[in-house]
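Enquirer: I have a structure here, written as C-alpha cells, and I will follow up with some questions on it.
Nothing in this text is a laboratory measurement; each read-out follows from the coordinates by a stated rule. None of these values were measured; they are calculated from a predicted model. Please note: Cβ atoms are built from the backbone with ideal geometry, for glycine as well, and neighbour counts cover all protein chains shown.
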Amino acid sequence: MSHGTHDKLVYMANQIAGFFATQPEAEAAQGVAAHINKFWEPRMRKQLFEIVELETDTLSPLVLQAVPLIKRPAPVAPPNPETIG
C-alpha cells in the first residue's frame, strides 16, 4: 500500500469518527463501523486492517473502538491451476 493511500484511509476513517463523535460512545463506534461496512469496498477495509496491525497512533480512538465491528474481508484464494484452462 502506498503511503498516500495509507494517509488517505487514515484521514477518511478519522473524518468518519469525527462525525459520529457527538453520539453516545457505544452508538458512535457502531456508527463508524456501519458506515465503513456499508461504503468502503473490501480492498479499503483490508487496507484499514493492515494499518491497524502496523500502527494505531494515527487513528482516532473511536476508529480503534469500531475496528472489532468492521467486517474483515475474506482472503482471496489463489487461482486453482486445474480450473484454468
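Enquirer: Would you work out which of 9, 39, 54 lies farthest towards the positive end of the dipole of the chain? Charges go on Cβ: Lys and Arg +1, Asp and Glu -1.
Expert: The Cα lying farthest towards the positive end belongs to 39.
Enquirer: Okay, moving on. Provide the gained length on full extension for the span residue 23 to residue 69, in nm with one decimal, where the gain is 0.36 nm per separating residue minus the Cα-Cα distance.
Expert: 14.9 nm
Enquirer: Now a separate question. If the only charges are +1 at each Lys and Arg Cβ and -1 at each Asp and Glu Cβ, what is the size of the charge dipole of the chain around the Cα centre, to the nearest 20 debye?
Expert: Roughly 280 debye, rounded to the nearest 20.
Enquirer: Give the span of the chain's Cα atoms along each principal axis, as three whole-Å numbers ordered largest to smallest.
Expert: 55, 26, 18
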